[in-house]
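**Q** Below is the structure I would like to discuss, written out as structure tokens.
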Amino acid sequence: MGRKRGYFGDYGGRFVPETLMPALEELERAFGRAKVDKDFINEFESLLKDYVGRPTPLYFARRLTEYFKGAKIYLKREDLAHTGAHKINNALGQALLASRLMKKERIIAETGAGQHGVATATAASLTGLNCEIYMGTEDIRRQALNVFRMNLLGARVVPVDTGSKTLKDAINEALRDWTTNVRTTHYVMGTVFGPHPYPSLVRFFQSIIGREARKQILKKEGKLPSVLIACVGGGSNSIGLFSAFLNDRDVQMIGVEAGGFGINSGKHAARFAHAAKGIFQGCFSYVLEDRDGNILQTHSVSAGLDYASVGPEHAYLHDIKRVKYTYATDEEALEAFELLSRLEGIIPALESAHAVAECIKIAPTMPKDSIIVVNLSGRGDKDVQEVARIKGKFI
């Protein structure tokens with residue numbers, strides 16, 4: 001997508017301090033080598049199979065389908081990948097790049113929901129790299145279980161107590177660290193965002209989701225799905241799923257942002273509903289900002305969607321109308337969280353629950369011979385205590 005190097009249409013680019021340019025160029029060269037290095041690809045694919053547990057199942061949600069009496073609903077079970085989410089695909093790929101091809105001693109990362117932090121800590125443990133994870137103190141409160149998991153895996157979690165104390169601020173601190181330590185350190189960006197080559201690099205490692213789902217649905221149903229649905233924070237799980245179907249014009253794709261308390265409340269993270277564009281944390285994309293260009297505070301019940309911008313490929317796909325972007329509110333996500341748990345015995349991550357919420361809206365309106373594939377990007381163990389707090393059911 002896109003013709004200019006590092007761009008998807010008008011979106012993307014590399015807007016960073018000069019001190020980071022050599023590191024990004026080194027990463028781009030290493031990524032270019034990795035894509036054609038048979039030994040690297042074989043090692044990565046072997047680890048995806050034997051360590052991560054791929055392929056993840058494509059599960060027919062029979063009870064959910066019967067409940068709505070509409071489209072057949074399938075769940076791509078990324079929640080069953082090692083560490084509990086799709087994040088391990090990318091973290092493992094970048095840790096291999098850092099250790100095998102770039103000979104780094106240390107990796108750092110940001111995390112919101114904690115799943116990318118856990119995945120990065122896991123990959124660091126596997127490859128023998130030192131690891132530090134930057135995390136906002138509000139997210140540390142919401143995701144205490146994942147903080148303990150990161151520490152258990154040998155990573156140091158660095159609290160970030162500035163700004164909104166969430167993902168945006170964690171990325172800022174991680175970038176400051178990287179600027180100081182570029183010779184020894186690789187920054188494992190967790191999503192299809194940031195300066196080039198990160199959007200393309202993360203897409204490459206996450207594209208396994210869509211390739212598997214395409215093969216699986218053709219085997220199970222003999223045809224492609226009618227609709228794909230995935231939540232969109234930075235956008236890696238959704239691009240991972242959508243990437244294998246972009247040329248199939250009959251397959252509709254829906255990306256679901258965090259609607260928070262509703263768009264009119266101003267407390268949300270629905271970038272496309274806001275429709276402003278700007279440069280933020282290394283690239284040009286849709287962004288939540290005021291008329292003076294100041295980044296707005298965001299809100300979501302899900303820490304992983306609580307972010308002020310979105311990956312540049314998503315911005316491009318929005319503008320060319322290849323993907324429809326909508327949002328689910330906190331209330332809708334919580335309802336979906338409980339419904340999927342009750343009907344299918346699957347507790348989704350609150351991020352993934354936003355995609356389930358959209359499925360709940362459209363499934364009853366679709367013919368019974370149509371097919372919906374929902375990317376269940378992560379499991380909800382990490383969110384149970386926070387949901388209990390919100391519901392007043394303290395545990």
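**Q** Pulled fully out, how much extra length does the chain show between residue 248 and residue 69, if you take 0.36 nm times their separation in residues and subtract their Cα-Cα distance?
**A** Gain on stretching residue 248 to residue 69: 61.8 nm.
**Q** Something else: Could you give the length gained on full extension between residue 179 and residue 62, defined as 0.36 nm per residue of separation minus the Cα-Cα distance, in nm?
**A** Roughly 37.1 nm would be gained on extension.
**Q** Tally Lys/Arg at +1 and Asp/Glu at -1 over every other residue whose Cβ is under 9 Å from the Cβ of residue 11; what's the total?
**A** -2
**Q** To the nearest 20 Debye, how big is the dipole of the chain about its Cα centre, given +1 on the beta carbon of each Lys and Arg and -1 on that of each Asp and Glu?
**A** That gives the chain a dipole magnitude of about 1020 debye.
**Q** Loop only by DSSP, 12 or fewer other Cβ within 10 Å of the Cβ. Give me the trypsin sites (Lys or Arg not before Pro) in segment 357-388 that pass, ordered by residue number.
**A** Filter output for segment 357-388: 368.
**Q** What whole-number distance in Å separates the alpha-carbon centres of segment 1-35 and segment 124-150?
**A** Segment 1-35 and segment 124-150 have Cα centres spaced 27 Å from each other.
**Q** Listed highest first by mean packing, meaning other Cβ atoms within 10 Å per residue, what order do 25-33, 87-95 come in?
**A** Numbers: 25-33: 16.8, 87-95: 28.3.
Packing proxy ranking, top to bottom: 87-95, 25-33.
**Q** If the only charges are +1 at each Lys and Arg Cβ and -1 at each Asp and Glu Cβ, what is the size of the charge dipole of segment 310-351 around the Cα centre, to the nearest 20 debye?
**A** 300
**Q** Same structure again: Considering only the chain, what is the antiparallel percent among its DSSP beta bridges, to the nearest 5?
**A** 30
**Q** What size of dipole, in debye to the nearest 20, comes out for segment 241-395 about its Cα centre when the only charges are +1 on Lys and Arg C-beta atoms and -1 on Asp and Glu C-beta atoms?
**A** Dipole size: approximately 100 debye.
**Q** In vacuum, with every alpha carbon of segment 7-142 counted as one equal point scatterer, what does the Debye formula give for log10 I(q)/I(0) at q = 0.10, 0.14, 0.21, 0.22 Å⁻¹? Two decimals, please.
**A** Evaluating at q = 0.10, 0.14, 0.21, 0.22 Å⁻¹ gives log10 I(q)/I(0) of -0.46, -0.82, -1.28, -1.32.
**Q** Using a Gaussian network model on the chain with a 10 Å cutoff between Cα atoms, which of 64, 126, 340 fluctuates the most?
**A** 126
**Q** Additional query: For 69, 104, write out the residues from largest to smallest accessible area, computed with a 1.4 angstrom probe and no ligands counted.
**A** Details: 69 140, 104 20 Å².
If we order 69, 104 from most to least accessible, we get 69, 104.
**Q** Report P(r) for segment 112-178: all Cα-Cα distances, bin width 5 Å, range 0 to the bin holding the largest distance, values in whole percent.
**A** 4, 22, 30, 25, 15, 4, 0
**Q** Please express the shape of the chain as an equivalent ellipsoid: the semi-axes are the square roots of 5 times the eigenvalues of the C-alpha gyration tensor, given largest first in whole angstrom.
**A** Whole-Å semi-axes of the equivalent ellipsoid: 29, 23, 22.
**Q** With a sphere of radius 14 Å drawn around the Cβ of residue 170, what net charge do the other residues whose Cβ falls strictly inside it have (Lys, Arg +1; Asp, Glu -1)? Present the calculation step by step, with values, prior to reporting the outcome.
**A** Working: positive: 141, 142, 156, 165, 168, 176; negative: 110, 132, 138, 139, 161, 169, 173, 177, 306.
In short, -3.
**Q** Mind checking which of 353, 23, 124 has the largest fluctuation in a GNM of the chain, springs on alpha carbons under 10 Å?
**A** Most flexible of the set in this elastic network: 23.
**Q** Under a cut-off of 12 Å between alpha-carbon atoms, report the aspartates and glutamates in cross-link reach of residue 267, not counting same-chain residues fewer than 8 places apart.
**A** 306, 330
**Q** Something else now. In whole percent, and with a 1.4 Å probe on the protein chains, what portion of the accessible area of the chain is carbon and sulfur?
**A** Values: 7840 of 15600 Å².
Accessible surface attributable to carbon and sulfur in the chain totals 50 percent.
**Q** Counting C-alpha atoms alone, how compact is segment 90-149: give Rg to one decimal and Dmax as a whole number, in angstrom.
**A** Over segment 90-149's Cα set, Rg and Dmax evaluate to 11.6, 36 Å.
**Q** Based on the mean of other beta carbon atoms within 10 Å per residue, what is the order of 333-339, 178-184, 71-77, most packed first?
**A** Order by mean packing, descending: 71-77, 333-339, 178-184.
**Q** Among 119, 98, 17, pick out the residue whose Cα is farthest towards the positive end of the charge dipole of segment 17-122, where Lys and Arg carry +1 and Asp and Glu carry -1 on C-beta, about the Cα centre.
**A** So the residue we want is 119.
**Q** Given a 1.4 Å probe, how much area per residue of segment 303-395 is accessible, in Å²?
**A** For segment 303-395, the per-residue accessible area is 37 Å².
**Q** Would you mind telling me the antiparallel percentage of the DSSP bridges in segment 45-144, rounded to 5?
**A** So the antiparallel bridges in segment 45-144 amount to around 35 percent.
**Q** Only helical DSSP H runs with n ≥ 4 go in: add -39500 (n - 2.57) per run for the chain, normalise by residue count and round the 222 nm mean residue ellipticity to 500 deg cm²/dmol.
**A** After summing the helix terms and dividing by residue count, I get -12000 deg cm²/dmol.
**Q** Can I ask one more? For segment 104-231, with every protein chain kept in place, what is the accessible area per residue (1.4 Å probe, Å²)?
**A** In whole numbers, segment 104-231 has 35 Å² accessible per residue.
**Q** Let me ask something additional. Give me the net charge of residue 265's neighbourhood, meaning all other residues with Cβ under 13 Å from the Cβ of residue 265; Lys, Arg count +1, Asp, Glu -1. Working shown, then result.
**A** On the way: positive: 267; negative: 330, 331.
Residues close to residue 265 contribute a combined charge of -1.
**Q** Let me ask you something else. Could you please state, rounded to a whole Å, how far the C-alpha centre of segment 214-229 is from the C-alpha centre of segment 157-191?
**A** What the calculation gives is 38 Å, centre to centre.
**Q** Among the aspartates and glutamates, which have Cα under 12 Å from the Cα of residue 72 when same-chain residues fewer than 8 positions away are ignored?
**A** Correct list for residue 72: 221, 369.
**Q** Separation of segment 355-381 and segment 276-352 by C-alpha centroid, Å?
**A** Spelled out, the Cα-based centre of one part sits 17 Å from the other.
**Q** Which of these, 222, 114, 154, has the largest mean-square fluctuation under a Gaussian network model of the chain (Cα springs below 10 Å)?
**A** Result: 222 has the largest fluctuation of those listed.
The values are calculated or read from the model by the stated rules, or taken from the named source; none is laboratory data. Worth saying up front: this structure is predicted, and the values here are computed from it rather than measured. Backbone-built Cβ (ideal geometry, glycine too); neighbour counts: all protein chains shown. Heavy atoms of the whole protein, side chains included, go into the accessibility calculation; ligands, DNA and RNA do not. Shrake-Rupley method; radii C 1.70, N 1.55, O 1.52, S 1.80 Å.
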